[in-house]
Amino acid sequence: RSEFEESYKGRRYRVQALPVRDEEGAVASGIAFAQDITDQKEREEALREAKEEAERAKEEAEEAKEEAEQAKEEAEEASRLKSALLANMSHEIRTPLTSIIGFAEMLGREAAGLELPEESPLPGYASTIERSGKRLLETLNGVLNLSKLQAGQMEMEAGPVDLSEQARLAAGELRPEAEEKEISLELETGGD
């Protein structure tokens with residue numbers, strides 16, 4: 001008995017050959033059976049390809065997961081570095097800024113004690129330097145607070161803001177530069 005697979009005209013066959021023996025046991029003839037197994041082989045091939053595709057997809061998913069974890073770790077490291085940079089910047093900027101604000105306050109007090117002409121800009125300049133320094137300090141604190149919010153180290157609280165006053169402060173800081181460039185600066189607020 002023998003069994004083999006054979007292709008013929010684009011089809012695949014499983015062939016079995018069996019010997020037919022005579023009464024004495026000698027092979028007198030043979031019988032062959034051919035079974036068309038093309039569809040079965042195509043299904044097996046499709047199943048094998050689907051299995052390989054599933055394995056590739058699984059490997060790609062694992063690679064994507066590893067890449068996502070690596071990206072997350074890199075983002076966390078970048079966040080830590082940003083926080084360290086901001087903390088260092090805070091100290092390096094805050095120290096001279098505090099001195100600037102202090103000297104502007106002292107300059108304002110000295111100017112108020114002097115007998116200056118009424119049109120002297122010195123008291124206004126001192127006041128602008130002080131306000132600008134304080135605003136810069138508030139901005140620095142805001143940046144640091146934003147960093148802390150992003151890192152989950154603090155929570156935001158809602159509170160009222162006087163927008164008219166903020167607009168007046170901004171206009172006051174910009175007024176000397178506008179006057180120097182001969183630009184008219186007007187501020188209109190909605191009253192309340």
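The values are calculated or read from the model by the stated rules, or taken from the named source; none is laboratory data. The model shown is predicted, which means the values in this text are computed figures rather than measured ones. Cβ: placed from backbone, ideal geometry, glycine included. Neighbour counts: every protein chain shown. The accessibility values were calculated without ligands, DNA or RNA, using every heavy atom of the protein model including side chains. Shrake-Rupley method; radii C 1.70, N 1.55, O 1.52, S 1.80 Å.
Pairing residues of region 14-39 that are within 15 Å of Ser2 (Cα to Cα) with residues that are outside any strand (DSSP E or B) and open to solvent by 70 Å² or more (accessible area, probe 1.4 Å), at Cβ distances under 8 Å and at least 6 apart in sequence or on separate chains, gives Gln16/Arg1; Ala17/Arg1; Leu18/Arg1; Pro19/Arg1. Candidates are the residues of region 101-116 that are part of a helix (DSSP H, G or I) and acidic (Asp, Glu); the one that is most open to solvent (accessible area, probe 1.4 Å) is Glu110.
Inspection of region 146-161 identifies no residue that is in contact with a Lys or Arg (Cβ under 9 Å, 6 or more places away or on another chain) and more than 30 Å from Leu86 (Cα to Cα).
Scanning region 140-176 for residues that are among the charged types (D, E, K, R), open to solvent by less than 100 Å² (accessible area, probe 1.4 Å) and in a helix (DSSP H, G or I) gives Lys148, Glu165, Glu173, Arg175.
Of all residues in region 8-25, how many are under 17 Å from Gln40 (Cβ atoms), open to solvent by 90 Å² or more (accessible area, probe 1.4 Å) and either in contact with a Ser or Thr (Cβ under 8 Å, 6 or more places away or on another chain) or outside any strand (DSSP E or B) (or both)? Residues meeting the conditions: 1.
Total residues in region 78-97 satisfying the condition of being hydrophobic (A, V, I, L, M, F, W, C) and more than 14 Å from Asn145 (Cα to Cα): the figure is 4. Of all residues being among the polar types (S, T, N, Q) and assigned to a helix (DSSP H, G or I) in region 117-133, which is least open to solvent (accessible area, probe 1.4 Å)? Just the residue, please. Per the stated criteria, the residue is Thr128.
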